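In what follows, a single structure is set out as structure tokens and then discussed.
The values are calculated or read from the model by the stated rules, or taken from the named source; none is laboratory data. Source: prediction; values computed, not measured. Positions of Cβ are backbone-derived with ideal geometry, glycine not excepted, and every protein chain shown enters the neighbour counts.
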């Protein structure tokens with residue numbers, strides 16, 4: 001069973017906001033967004049219908065708790081494996097065609113599932129394989145949708161549009177399981193897969209109707225696939241906030257995967273069937289929708305770190321309640337609380353990731369974030385499934401709660417969302433000198449040197465600042481960076497960094513942000529020379545690099 005794909009959420013304290021007095025549904029009055037929102041809703045309903053049917057079908061094919069839990073792992077693992085490539089593709093390809101192709105993949109996968117199920121030849125390993133291939137489509141789809149929304153919504157409505165994406169995802173958690181549960185009881189899983197294929201086709205047509213207005217804003221050639229992946233991964237690795245967020249989301253979803261992965265078995269243990277299982281999912285989705293609607297009020301009272309703290313504690317308490325519930329009604333209420341807690345924590349982590357990423361790398365950065373989310377879910381499903389198989393469902397659920405409490409203790413000194421994010425708005429950098437020799441776009445590597453004059457008494461403080469510069473240069477795509485002090489002149493300090501080629505060196509200037517401009521001003525404040533620091537650019541000669 002798949003963990004829902006968290007769409008980009010509206011920032012809590014900054015970023016585009018809905019204008020005062022505007023309706024919460026105002027973005028839906030914009031035709032393009034309305035069409036894509038409905039396509040997103042249909043796509044997520046398909047995802048939940050498929051996952052509910054697959055998870056329940058597995059309980060009829062095998063009695064192994066590990067195999068049941070691996071259904072969730074099989075659907076989420078592709079996002080972990082393909083997150084970075086899909087983010088790179090979303091940044092460099094035509095987004096309309098790419099989005100449509102991902103939906104076509106999911107639809108064709110549903111057709112195969114329906115055909116195999118109707119033929120009566122489904123086996124547990126084959127179901128895992130088809131669940132995995134369905135997850136491939138989801139892995140390719142999410143980053144492109146995350147990148148599309150800011151391009152199709154007017155700026156005053158952007159904040160609420162992002163919140164409506166969360167509503168669509170959570171409505172699908174209610175509608176999908178209810179429809180799937182009704183079909184499972186009345187006709188069987190084959191009809192669920194067939195309806196999934198039909199809805200996928202409808203979403204595919206709706207996406208094709210969208211006429212993308214995406215325009216290339218750069219005169220430079222498009223990024224290459226491998227290079228785009230390298231830069232995206234390097235940017236996240238060199239960003240301390242993104243590294244912390246990635247760790248936190250991986251571990252949080254590893255913890256919460258226990259409840260979702262073992263839910264079909266919990267329903268059976270409580271004496272229920274498919275109706276109870278889908279009822280659990282519907283209650284969880286309803287709780288999440290309620291929480292999204294309450295976010296504006298809650299955000300005014302609680303900080304981001306408090307959302308993570310109380311959300312994690314509430315989810316742990318709900319998980320224990322489900323594990324010990326003497327009656328299905330108690331477990332249903334606990335699932336609603338779990339949905340509220342889950343979306344509150346996940347939303348906070350998603351907002352923090354968005355605020356830590358500049359626009360030029362957002363699709364790749366959010367894809368890497370999604371890799372952490374789905375990777376944690378896949379690992380957690382496998383781990384807690386093994387624990388349940390060697391002990392019991394209650395022991396597995398209680399162990400996941402204990403793991404969550406341990407995480408809160410470990411990360412108490414590094415809360416998410418506690419600091420003000422950097423200003424990552426694009427900024428105009430200093431215009432580089434035009435080369436006087438013939439330089440082709442692919443010529444390189446390109447080495448840049450910057451010569452500073454620093455008061456020796458302030459050298460230690462300058463060196464510490466230059467570590468920030470190192471991370472900034474590498475986040476922009478530099479291959480390497482270094483800082484050297486002249487052995488014969490203690491005031492002369494040389495910074496160097498290397499770009500892959502000339503076009504990548506030029507692209508650096510398009511990636512310059514307001515935060516980079518502030519860092520540059522802080523560097524220049526240390527410079528004591530009458531003239532600004534001397535900058536030189538060197539291009540490697542053929543056969544000498």
Name the pairs: first residue in the stretch 461-487 and outside the structural domain of residue 522 (by TED's automatic domain parsing), second residue surrounded by fewer than 13 Cβ atoms within 10 Å (Cβ to Cβ), Cβ to Cβ under 8 Å, at least 6 apart or on different chains? none
When you scan the stretch 307-324, do you find a residue that is farther than 22 Å from residue 402 by Cβ, under 23 Å from the mean Cα position of the chain (by Cα), surrounded by fewer than 24 Cβ atoms within 10 Å (Cβ to Cβ) and assigned by TED's automatic domain parsing to the domain that holds residue 256, even just one? no
Among residues belonging to the stretch 468-480 that are surrounded by 18 or more Cβ atoms within 10 Å (Cβ to Cβ) and touching a helix residue (DSSP H, G or I) at 6+ places or on another chain (Cβ under 7 Å), point out the one that is farthest from residue 443 (Cα to Cα). 469
Filter result for the condition that a residue is under 22 Å from residue 246 (Cα atoms) and part of a helix (DSSP H, G or I), over 317, 349, 357, 332: 349
Restricting to the stretch 371-400, give me the number of residues that are surrounded by fewer than 23 Cβ atoms within 10 Å (Cβ to Cβ) and in contact with a helix residue (DSSP H, G or I) (Cβ under 7 Å, 6 or more places away or on another chain). 11
Scan the stretch 56-79 residue by residue and report those that are part of a loop (DSSP other than H, G, I, E, B) and surrounded by 23 or more Cβ atoms within 10 Å (Cβ to Cβ). none
Out of 102, 131, which single residue is modelled with pLDDT of 85 or more, closer than 26 Å to residue 360 by Cβ and surrounded by 24 or more Cβ atoms within 10 Å (Cβ to Cβ)? 102
Answer yes or no as to whether residue 215 is modelled with pLDDT of 90 or more, out of contact with any helix residue (DSSP H, G or I) (no Cβ under 6 Å at 6 or more places or on another chain) and over 24 Å from residue 401 (Cβ atoms). no
For the structure I just gave you, tell me whether residue 435 is outside the structural domain of residue 528 (by TED's automatic domain parsing), surrounded by fewer than 18 Cβ atoms within 10 Å (Cβ to Cβ) and in contact (Cβ under 8 Å) with a residue 12 or more places away in the chain. yes
Subset of the stretch 488-500 (residues that are out of contact with any strand residue (DSSP E or B) (no Cβ under 6 Å at 6 or more places or on another chain) and either buried (at least 20 other Cβ atoms within 10 Å of the Cβ) or outside the structural domain of residue 516 (by TED's automatic domain parsing) (or both)): none
Looking at 105, 142, can you tell me which residue is assigned by TED's automatic domain parsing to the domain that holds residue 375, assigned to a helix (DSSP H, G or I) and under 17 Å from the mean Cα position of the chain (by Cα)? 142
Would you mind stating whether residue 249 is closer than 22 Å to residue 98 by Cβ and modelled with pLDDT of 80 or more? no
Restricting the stretch 85-94 to residues that are surrounded by fewer than 22 Cβ atoms within 10 Å (Cβ to Cβ) and assigned to a helix (DSSP H, G or I), which is modelled with the lowest pLDDT? 92
Any residue at all in the stretch 341-353 that's surrounded by fewer than 22 Cβ atoms within 10 Å (Cβ to Cβ) and more than 25 Å from residue 73 (Cβ to Cβ)? no
Consider the stretch 222-246. How many of its residues are at pLDDT 90 or above and part of a loop (DSSP other than H, G, I, E, B)? 2
